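This report refers to the structure that appears directly beneath it.
The values are calculated or read from the model by the stated rules, or taken from the named source; none is laboratory data. Note that this is a predicted model, so its numbers are computed, not measured. Quick reminder, even Gly has a Cβ in these numbers, built from the backbone with ideal geometry, and neighbours come from all protein chains shown.
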Amino acid sequence: MSDEVLQTANAVEALTPEEEGLLRDALKRCSPATIDAAIEFRRTGAPELIPPVVLGIVERFIEPDQRPRLKHADPNLRIIEDLGVDSLTLMEVVLLVEESLKITIKNDELRNLRTIGDIQTFIDCKVTGKPVPTPTRFLPIERIAEVMPVQPPFLFLQDASVNSALATGHYKVSGSEFFLQGHFKDNPVLPASIMLEALGQLAVLYLLESGSSELTAPVDARQVYFTGADGIRCHRIVRPGDALLLSVRPKRMKMPLAVFEGTIKVGTEKAAFAEEITLAFGYVSDVPVGVPSAVAAAHKPGTNGTIPHA
C-alpha cells in the first residue's frame, strides 16, 4: 500500500470534548484500559490500538468466568462456541465496536466473523484500508463427513474453519473411543499417533476445501496420501474430557506434494507440534476448475468416498 493511501485510510478528525464524553459513556461498562485505548485511537488512528479496544469490548459482553481466556488473546478463540456469545450479543459487540472506532460493518460481513482473530483482522483492514482477506469458512461435522474420505469412528474432526492461510479444527476426547480400551490399561491416554492422524486429516480438509490459489484444480479425495512427518514433539498427556484445538498452516504446495505445520492445544497448553506434515495429492482430471471437490469426486467413475492408505 502506498504512503498516500495509508495516510488517507488513517486520517482522523479531532476528538471534541463532547465526543470524548459520549465515547466514555458508551464504553462505561468496559475496563479503563479499553476506554483509554479507544480515546487514543480516535485521536491518532494508530492501528496497534485496535486489538485492545476489540478485546476490551468483547470482554464487556462475556461471562466473568470466560474473561481470563481473553488475556492470552488467542486468535482462534471462537466468539460463539468458545466464549458463549450468542448471535444477538455478537451484534451488540459489533455495534459498540462500530461506534467506538467509527467504522461500518455490513451484515453480510458479520457472518464471516467467527473468531477473535477474524474480528481483529477485519477491523484492522477496515481502518487501514488494506484488502479484507478471503473469509474463513466454518465447516460443521455434516460438511466434514460429506467431503472427507476418512469417516467415523476414525474421523477426529468435529468442526473446522478453513481459509487460504490456515485451517483449524476441534475434537473432544469422549473416552469411548475404541482404541482407548487398551491404551492403557486402567489409564486411558490419547495416543500420539492419533494426534498426528488428526492433524493429517485437517491438512486433507484444507486441500479439499480451502480454495487456495496455489491449488490450480479441485483436489481428488481419492488421491491424497500421508507420506511423512518431521519434527514431531508431544508436550502434554491428553486424556478423556480434553478438548483439542488443532491447526495446520500450509508451508509449501506444488502438486503432487503439500507440506504443513501443525499444532494441537488443550486450552492454552500446547499438546503436540509437527514441524512438517507432508501429503501427496492429485487433481480431479475430468471436471472444470472451480467445481467443489466433493461434487467432482461424486462424478468420477468408481468413486467410493475412500482414500487409499499409504
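Within segment 158-201, the set of residues being touching a residue at least 60 places away in the same chain (Cβ under 8 Å), assigned to a helix (DSSP H, G or I), crowded, with 17+ Cβ neighbours inside 10 Å and among the aliphatic types (A, V, I, L, M) comprises Leu180, Met195, Leu196, Ala198, Leu199.
Quick one: in segment 208-231, which of the residues that are of a type in the set (A, V, I, L, M) and surrounded by fewer than 23 Cβ atoms within 10 Å (Cβ to Cβ) is nearest to Val150 (Cα to Cα)?
Ala229
Would you check if Gly228 is under 17 Å from Leu202 (Cβ atoms) and either at pLDDT 95 or above or not in a loop (DSSP other than H, G, I, E, B) (or both)? Reasoning before the result, please.
Working: under 17 Å from Leu202 (Cβ atoms): yes; either at pLDDT 95 or above or not in a loop (DSSP other than H, G, I, E, B) (or both): yes.
Answer is yes for this residue.
If the condition is being farther than 15 Å from Ile50 by Cβ and either assigned to a helix (DSSP H, G or I) or β-branched (Val, Ile, Thr) (or both), then segment 125-147 contributes Thr134, Thr136, Ile141, Glu142, Arg143, Ile144, Ala145, Glu146, Val147. Selection over segment 90-116 of residues that are free of Cβ contacts under 8 Å to residues at least 40 places away in the same chain and among the polar types (S, T, N, Q) gives a count of 3.
Answer with yes or no whether Glu261 is modelled with pLDDT of 95 or more and in the same structural domain as Gln181 (by TED's automatic domain parsing). Considered against the rule, which asks whether it is modelled with pLDDT of 95 or more and in the same structural domain as Gln181 (by TED's automatic domain parsing), Glu261 comes out as yes. Of all the residues that make up segment 19-40, how many are assigned to a loop (DSSP other than H, G, I, E, B) and surrounded by fewer than 18 Cβ atoms within 10 Å (Cβ to Cβ)? Residues in segment 19-40 being assigned to a loop (DSSP other than H, G, I, E, B) and surrounded by fewer than 18 Cβ atoms within 10 Å (Cβ to Cβ): 3 in total.
In segment 109-122, the condition of being at pLDDT below 90 and loosely packed, with under 14 Cβ neighbours inside 10 Å is met by at least one residue. Here Asp3, Asp36 are screened, and the one residue that is at pLDDT 95 or above, out of contact with any Cys (no Cβ under 8 Å at 6 or more places or on another chain) and among the charged types (D, E, K, R) is Asp36.
Restricting segment 41-92 to residues that are outside any helix (DSSP H, G or I) and among the charged types (D, E, K, R), the residue that is surrounded by the fewest Cβ atoms within 10 Å (Cβ to Cβ) is Glu63.
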